[in-house]
Amino acid sequence: MNGLQTCLLLSALLFAVGLAGALTRRNAILVLIGIELMLNAANINFIAFWRYGPANSHITGVMFAVFSIAVAAAEAAVGLAIILAAYRNSRTTDLDKMNSLKG
């Protein structure tokens, strides 16, 4: 296996673990961690296709990855703030029990 296939296999496994974690977990924080794993798998793809692509002198893959990391950081901050606000109302982070938006 060459380097690109190895990176794509790693990315696919990381994405599968993140997807399974996001779909099967009931805890809101663990769902956010699963989403972060999926975003990191996409970053690995960006870097792999940049590195093993025909024109790796351009840093487009790295720029996409850096932009994606910045968006993921903002998403994590906003998501955690929403989870904390919901926890204050319902006293749980279980997604099945947070079904009411009434105060």
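What follows draws every value from the coordinates through simple rules; no lab data is involved. Since this is a predicted model, take the numbers as computed values, not measurements. Cβ: placed from backbone, ideal geometry, glycine included. Neighbour counts: every protein chain shown.
Just to check I understand the Karplus step: with θ = phi - 60° and J = 6.51 cos²θ - 1.76 cosθ + 1.60, what whole-Hz values come out for segment 4-13, glycine and proline as x?
5, 5, 5, 5, 5, 5, 4, 5, 5, 5
Once R0 is set to 22 Å, what does the formula 1/(1 + (r/R0)^6) return for the Cβ-Cβ distance between Ser90 and Val17, expressed as a FRET efficiency to the nearest 0.05?
0.20
Convert each backbone phi in segment 41-47 into a coupling constant with the Karplus relation 6.51 cos²θ - 1.76 cosθ + 1.60 (shift: θ = phi - 60°), then list the ³J(HN,Hα) values in order as whole Hz, x for Gly and Pro.
Listing the rounded values in order: 5, 5, 5, 4, 5, 4, 5 Hz.
Over the chain, what relative contact order in percent results from Cα pairs under 8 Å that are six or more residues apart?
Relative CO of the chain lands at 26 percent.
Given 10 °C and 1.306 mPa s, compute D for the chain with the Stokes-Einstein relation, Rh being the Kirkwood radius over Cα pairs; round to the nearest whole µm²/s.
The Stokes-Einstein estimate is 104 µm²/s.
Using θ = phi - 60° and the Karplus form 6.51 cos²θ - 1.76 cosθ + 1.60, what ³J(HN,Hα) does each residue of segment 17-24 get, whole Hz, x for Gly and Pro?
Per-residue couplings from phi come out as 5, x, 5, 4, x, 6, 8, 9 Hz.
Please list, by residue number, every one of the trypsin sites (Lys or Arg not before Pro) in the chain that is coil in DSSP and has at most 14 other beta-carbon atoms within 10 Å.
Arg26, Arg91, Lys97, Lys102
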